[in-house]
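Worksheet for the structure shown next.
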Amino acid sequence: GAGVSQTPSNKVTEKGKYVELRCDPISGHTALYWYRQSLGQGPEFLIYFQGTGAADDSGLPNDRFFAVRPEGSVSTLKIQRTERGDSAVYLCASSGNTGELFFGEGSRLTVL
Amino acid sequence: GENVEQHPSTLSVQEGDSAVIKCTYSDSASNYFPWYKQELGKRPQLIIDIRSNVGEKKDQRIAVTLNKTAKHFSLHITETQPEDSAVYFCAASKGTNAGKSTFGDGTTLTVKP
């Protein structure tokens, strides 16, 4: 596609529930990133994929967070047993050779 | 790990004036410094970037300067326009994975007509 696509754009869930957030990167971009942006702050790195493998997951806050990219294109961020502190905008970005990040519009997660 | 500090957090200027946003970083190995503009409710978009092998880069009304010794870099916007109003983020990363960036907390720029 023309840009990075993320679904859903908004997700409201209850504390303790499981959520999945999807990212479809720019065609041909092998690098894919997940960032989290809380209100009034800059994006915070979560995880990076190069192809199918998670090359760097050092930003995942705890083991409730997991992400996959099974075919090297679409990625899913999975959050188990959601907590109110998980509420944020989850941004996906893909990158080509220059390192420039092309962000999606984000998935706004609200945990009640 | 890398730490990026950004100042000021808010900036208000009159249309036509210049705006300057400053960032410092802690990791001397960082060598890629992008700036992103984020309008309300929209995605961050790259507006300009600089690599550590140059000290200044310009693109029309926007320029970025880098001082590697002092580990700080700045965004300069001249002849500001109301459509420049947005949140601006600086970031720093290393060349081995330029996309893994550490972001500042942003500067909300308001350009008054």
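Points to keep in mind about this one:
- Three principal axis lengths of the stretch B:19-80 [C-alpha, angstrom, descending]: 33, 24, 16
- Value of Rg/Rh across the stretch B:32-113 [Cα atoms, Kirkwood radius]: 0.97
- Distance-filtered residues of the stretch B:12-45 - backbone nitrogen under 11 Å, label point 7 angstrom along residue B:3 Cα→Cβ: B:25-27
- FRET efficiency, 1/(1 + (r/R0)^6) with R0 45 Å, evaluated for residue B:28 and residue A:18 via beta carbons: 0.60
- When only alpha carbons of the protein assembly as shown are considered, Rg and Dmax amount to 17.6, 51 Å.
- Ordered by the count of other Cβ atoms within 10 Å of each Cβ, fewest first, A:35, B:32, A:18 give A:18, B:32, A:35.
- Shown here: the stretch A:1-80, whose C-alpha atoms stretch 36, 26, 26 Å along the first, second and third principal axes, sorted largest to smallest.
- Estimated distance in nm for a label pair at residue A:98 and residue A:62, the labels positioned 7 Å out from Cα along Cα-to-Cβ: 4.0
- The stretch A:53-112 - Kirkwood radius from inverse mean 1/r over Cα pairs (Å): 13.1
- Measuring between alpha carbons in the structure, the pairs from A:15/B:42; B:71/B:112; B:22/B:112; A:11/A:78 lying more than 23 angstrom apart are A:15/B:42; B:71/B:112.
- The stretch A:1-87: GluC sites (Glu not before Pro) in DSSP coil with no more than 16 other Cβ atoms inside 10 Å: A:14, A:71, A:83
- Shielding score for B:98-109, defined as the mean number of other chain Cβ atoms within 10 Å: 6
- Computed FRET value (nearest 0.05) for residue A:87 with residue B:56, which takes r as the C-beta separation and R₀ as 35 Å: 0.30
- Per-residue Karplus couplings for the stretch A:99-105, computed as 6.51 cos²θ - 1.76 cosθ + 1.60 with θ equal to phi - 60°, are listed in order as x, 4, 8, 9, 8, x, 6 Hz, Gly and Pro entered as x.
Quick note: the coordinates plus some simple rules give every number you see, no bench work behind them. On a predicted model such as this, the values are computed, not experimentally measured, just so you know. Every residue, glycine among them, receives a Cβ derived from its backbone with ideal geometry; neighbour counts consider all protein chains shown.
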